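Participant: Here's a structure for you.
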Amino acid sequence: MEIFLRSELELAVTEYGAVLLDLRDGQYWQLSRTAARVVQALRDGRGRDGAVADLTSHFDVAVERARQDVDTLLDELRSAGLAVR
């Protein structure tokens, strides 16, 4: 299952993570460093598996935990209308 972020999103990296802005309606979301890495992996076209690999290589986290965290964030992005399959 591939997940794609909507094209109307802008990502601004901050020292604490990132801010994701929906240009359609001006809503924004503050992302943790972990969530920002996941969103960046999606923007780079690396998908879910690439996001999991990125988390496990940059943080001290088990693959299964990273996969759960990525899936949770993807569900939240889809629920907010920011990502589609």
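Any read-out appearing in this document is the output of simple, stated calculations on the displayed coordinates, not a laboratory observation. Here the structure is a predicted model, which means the values were calculated and not measured.
Participant: Considering the chain as a Gaussian network with a 10 Å cut-off on Cα pairs, which listed residue, Gly26, Gly47, Gly17, attains the greatest mean-square fluctuation?
Facilitator: Ranking Gly26, Gly47, Gly17 by mean-square fluctuation puts Gly26 first.
Participant: While we're here: In deg cm²/dmol and to the nearest 500, what is the mean residue ellipticity at 222 nm of the chain if only DSSP H runs of at least 4 residues count, each as -39500 (n - 2.57), divided by the residue total? Walk me through the numbers on the way to the answer.
Facilitator: Working: 3 runs with 40 residues, N = 85.
Rounded to the nearest 500, it is -15000 deg cm²/dmol.
Participant: Here's another thing I want to ask about it. What percent of all Cα-Cα pairs in region 3-47 falls into each 10 Å bin, going from 0 up to the bin containing the maximum distance?
Facilitator: Final binned percentages: 31, 57, 12.
Participant: Can you tell me, using C-alpha contacts under 8 Å and at least 6 residues apart, the relative contact order of the chain as a whole percent?
Facilitator: Details: 110 pairs, mean separation 25.5, N = 85.
Taking the mean separation of contacting Cα pairs over the length of the chain, I get 30 percent.
Participant: On a 0 to 90° scale, report how tilted helix 63-79 is relative to the longest principal axis of the chain, with both axes built from alpha carbons and the result rounded to the nearest 10.
Facilitator: Helix 63-79 sits roughly 10 degrees off the main axis of the chain.
Participant: I would also like to ask the following. Can you give the extra length, in nm with one decimal, that the chain gains between Asp49 and Leu21 once fully stretched, where that is 0.36 nm per residue apart less the Cα-Cα distance?
Facilitator: Working: separation 28, 0.36 × 28 = 10.08 nm, distance 2.40 nm.
Length gained between Asp49 and Leu21: 7.7 nm.
Participant: Next up: Which residue fluctuates the most in the chain, going by a Gaussian network model with Cα springs under 10 Å, if the choices are Asp69, Asp44, Asp25?
Facilitator: Asp25
Participant: In vacuum, with every alpha carbon of the chain counted as one equal point scatterer, what does the Debye formula give for log10 I(q)/I(0) at q = 0.11, 0.12, 0.15, 0.24 Å⁻¹? Two decimals, please.
Facilitator: Values, matching the q order: -0.26, -0.31, -0.49, -1.25.
Participant: Pulled fully out, how much extra length does the chain show between Ala12 and Ser79, if you take 0.36 nm times their separation in residues and subtract their Cα-Cα distance?
Facilitator: 22.0 nm
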